[in-house]
Number of protein chains: 2
Amino acid sequence: MSYYKHHIFFCLNQRDKGEDSCAQHAAQAGFDRCKSRIKAERLAGPGGVRVNKAGCLDRCAGGPVAVVYPDETWYTFVDEQDIDEIVESHLKRGEVVERLLLPPNVGR
Amino acid sequence: MSYYKHHIFFCLNQRDKGEDSCAQHAAQAGFDRCKSRIKAERLAGPGGVRVNKAGCLDRCAGGPVAVVYPDETWYTFVDEQDIDEIVESHLKRGEVVERLLLPPNVGR
């Protein structure tokens, strides 16, 4: 069994020189919202959920992005409502949020 | 199929106030070594390997630590030889490096 049932990583990368990056598109707000919701729901910890900061996940064209492992599920999100849906559906019930899936061909 | 065959995350967390953390135990050196080896071996990219920075993975007692997904394999390492073994065995051939596995009960 996986140490964490769901381990979600948020790209919080901030590029130099003002280049576009996840950090300029509410990635930090998404991470903060997810972290606080998981804590409030008491889902955090071993056997539960871990919300993690990450560097560039290299799928920038779909940013801001997050990936859930070991589920291998990649999401793109816009606002807190999207994050809440990922929490309620995927991280609580294990049901993928189809409308927020990152298309498989989206890369850097 | 997973976007990356092996996605390895290194905890590079640096705590405030001089508290012990992975960043004080060669975590950055391990990340750098892994990144350069994967690039040199031309294993980087979709369908291959992604070497990623991460914040605290919350298994600090075994630090420095890294986790490989979707494999759900957690490692603890000491030096570049350890990293080279993870690259050669796990990331190239898909064979877990038993001697570097983080025991399942190691947490914060």
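Read-outs: derived from the displayed coordinates by stated rules, not from any lab. Computed from a predicted structure; not experimentally measured. As a convention, Cβ positions derive from the backbone with ideal geometry for all residues, glycine included, and neighbour counts pool all protein chains shown.
State, as an integer percentage, the relative contact order of chain A based on alpha-carbon contacts under 8 Å between residues 6 or more apart. Please report the intermediate quantities before stating the final value.
Details: 181 pairs, mean separation 34.8, N = 108.
Reported as a whole number, the value is 32 percent.
3J(HN,Hα) couplings calculated from phi for the range A:94-108 with the Karplus curve 6.51 cos²θ - 1.76 cosθ + 1.60 (θ = phi - 60°) are, in sequence order, x, 9, 4, 8, 4, 5, 9, 5, 7, x, x, 8, 7, x, 5 Hz; Gly and Pro show x.
In plain terms, the chain from A:LYS39 to A:ARG93 could stretch by 17.9 nm, reckoned as 0.36 nm per residue minus the Cα-Cα distance. Scanning residues 5 or more positions from B:ALA44 or on other chains, those with amide H under 5 Å from its amide H are B:VAL49, with H placed 1.01 Å from N in the peptide plane. Of the options B:LEU57, B:THR76, B:LEU101, report the single residue whose Cα projects farthest towards the positive end of the charge dipole of chain B (beta-carbon charges: Lys, Arg +1; Asp, Glu -1). Checking the options against the dipole of chain B, the answer is B:LEU57. Take each residue in B:6-15, count the other chain C-beta atoms within 10 Å of its C-beta, and the mean is 2.
Take A:36-44, A:16-24 and order them by the average number of nearby Cβ atoms within 10 Å per residue, most first; the result is A:36-44, A:16-24. In nanometres and ascending order, the distances from the A:VAL106 label point to those of the other copies are 3.5 (point 7 Å from Cα along Cα→Cβ). Counting Lys and Arg as +1 and Asp and Glu as -1 over every other residue whose Cβ lies under 12 Å from the Cβ of B:GLY55, the net charge comes to +4.
Evaluate the Debye formula for the range A:1-76 with equal point scatterers sitting on the alpha carbons, no solvent, and hand back log10 of I(q)/I(0) at q = 0.22, 0.23 Å⁻¹, in q order, two decimals. So the normalised log intensities work out to -0.94, -1.00.
Remark on A:TYR4: its backbone amide H falls under 5 Å from those of A:GLY47, a criterion applied only to residues 5 or more positions apart or on other chains, H modelled at 1.01 Å from N.
Beyond 29 Å, what share of the Cα-Cα pairs of the protein assembly as shown remains, rounded to the nearest whole percent? All intermediate terms of the calculation are to be shown ahead of the outcome.
Details: 4796 of 23220 pairs.
For the protein assembly as shown, the fraction of Cα-Cα distances above 29 Å is 21 percent.
Bridging of B:LYS53 to lysines at a Cα separation below 19 Å is possible for A:LYS35, A:LYS53, B:LYS5, B:LYS35, B:LYS39, once same-chain residues fewer than 8 apart are set aside.
Across the range B:85-92, coupling constants 3J(HN,Hα) worked out from phi with the 6.51/-1.76/1.60 Karplus curve, θ = phi - 60°, read 5, 4, 5, 5, 7, 7, 6, 8 Hz, and Gly and Pro carry x. Computed about its Cα centre, the charge dipole of chain A is approximately 400 debye, with only Lys, Arg, Asp and Glu carrying charge at their Cβ.
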